[in-house]
Amino acid sequence: MKALAVCCALVAASPVLAEDAELARARKIVAGTCFLCHGVQGESATELFPRLAAQNAEYIAKQLANFKSGERKSEIMPRMVGALTPEDMRALGMYFSRQESPPHPTTDARLAERGRVIYRKGGAATEVAACVGCHGERGHGSAQLPRLAGQVASYLAAQIRNFGARMRTNDNAVMHTIAEKMTDDEIRAVAEYLSGLD
């Protein structure tokens with residue numbers, strides 16, 4: 001009986017031990033390269049780079065794989081991910097998804113309020129679909145769609161523009177149709193609103 005109890009305890013502990021090993025693997029990779037642009041906890045070193053903290057794990061792993069395959073274009077990222085294995089990518093996704101992502105202080109309350117309306121109801125003048133339908137009430141996304149809440153506003157705006165210009169094609173094609181209809185003011189408003197969400 002005692003041997004059986006020990007065996008059961010080891011089986012129960014094995015997923016935890018495997019998870020700890022994955023997180024340790026991720027921390028080593030982050031300390032070696034990722035921290036330079038994205039920060040040690042995915043907080044983003046500057047406004048030029050996305051915040052990875054609290055991003056959905058599966059989404060991060062997919063983006064890393066897309067950078068490595070060339071499906072998602074970047075001048076910097078292919079060099080950063082060239083040596084990563086699928087296991088490394090999954091570990092990094094898990095690690096960053098568990099970091100905290102406090103909202104950014106709103107710099108323009110009126111712009112953020114306009115962004116809130118567009119996010120929830122769409123842009124009536126340009127027939128822009130409401131973002132909430134795909135990205136959720138709080139902008140947390142899903143395994144397939146990115147968390148937008150708490151993201152750097154300037155990065156969000158740049159990505160929406162890239163979708164609209166078909167410069168980013170590795171994700172949901174629906175975004176192309178939505179983004180191309182948005183005015184630059186609408187883009188900035190939505191980005192400002194989302195950066196202030198937690």
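Readers should treat all values here as calculations from the given coordinates under stated rules, not as data from a laboratory. Just so it is clear, the structure is predicted and the values come from calculations on it, not from any experiment. All Cβ positions, even for glycine, are placed from backbone atoms using ideal geometry, and neighbour counts span all protein chains on display.
Highest mean first, what order results for 59-66, 129-136 on Cβ atoms within 10 Å?
On the way: 59-66: 20.6, 129-136: 16.4.
In decreasing order of mean packing, 59-66, 129-136 become 59-66, 129-136.
Quick one: net charge of Tyr193's neighbours, Cβ under 14 Å, K/R +1, D/E -1? Please report the intermediate quantities before stating the final value.
Numbers: positive: Arg110, Arg114, Arg116, Arg120, Lys121, Arg138, Arg188; negative: Asp108, Glu113, Glu137, Asp185, Glu186, Glu192, Asp198.
Residues close to Tyr193 contribute a combined charge of 0.
Quick check on packing: order 71-79, 153-161, 188-196, 138-146 by the mean number of other C-beta atoms within 10 Å, highest mean leading. Kindly include the intermediate steps, with their values, before the conclusion.
On the way: 71-79: 13.0, 153-161: 20.0, 188-196: 24.8, 138-146: 16.7.
My ranking of the peptides, most packed first, is 188-196, 153-161, 138-146, 71-79.
In what sequence, highest mean first, do 21-29, 100-108 appear when ranked by Cβ atoms within 10 angstrom? Please report the intermediate quantities before stating the final value.
Values: 21-29: 15.6, 100-108: 13.9.
Ranking, from highest mean packing down: 21-29, 100-108.
Short version: ³J(HN,Hα) in whole Hz for each residue of segment 162-172, in order, from phi by Karplus 6.51 cos²θ - 1.76 cosθ + 1.60 (θ = phi - 60°), x for Gly and Pro, what are they?
Whole-Hz 3J(HN,Hα) from phi for segment 162-172: 5, 5, x, 8, 6, 7, 10, 10, 8, 10, 3.
Could you list which residues have their amide H under 5 Å from that of Val128, counting only those 5 or more apart in sequence or on another chain, with H placed in the peptide plane?
Close amide H contacts, sequence-distant or interchain: Gly123.
Quick one: Ile118, Ile178, fewest Cβ neighbours within 10 Å first, how do they rank? Could the numbers behind the result be given before it?
Values: Ile118 24, Ile178 21.
Ascending Cβ contact count within 10 Å gives the list Ile178, Ile118.
In whole Hz, what ³J(HN,Hα) sequence does segment 42-54 give by Karplus (6.51, -1.76, 1.60; θ = phi - 60°), x for Gly and Pro?
x, 7, 6, 6, 8, 5, 6, 10, x, 7, 9, 4, 6
Once all Cα-Cα distances of the chain are split into 10 Å bins that start at 0, what whole-number percent is in each one?
The distribution over the chain is 9, 33, 32, 16, 7, 3, 1, 0, given as percents.
Give me the Kirkwood hydrodynamic radius of segment 31-89 in Å, from all C-alpha pairs, to one decimal place? Working shown, then result.
Numbers: mean 1/r = 0.0850 Å⁻¹.
It is 11.8 Å.
Taking the C-alpha atoms of segment 39-131, how large are the radius of gyration and the largest Cα-Cα span, Dmax, in Å?
Gyration radius and largest Cα-Cα distance of segment 39-131: 16.5, 47 Å.
Taking R0 as 25 Å, what's the FRET efficiency between Arg166 and Glu127 from their Cβ-Cβ distance, rounded to 0.05? List each step's numbers first, then the result.
Details: r = 19 Å, r/R0 = 0.75.
Plugging the Cβ-Cβ distance into 1/(1 + (r/R0)^6) gives 0.85.
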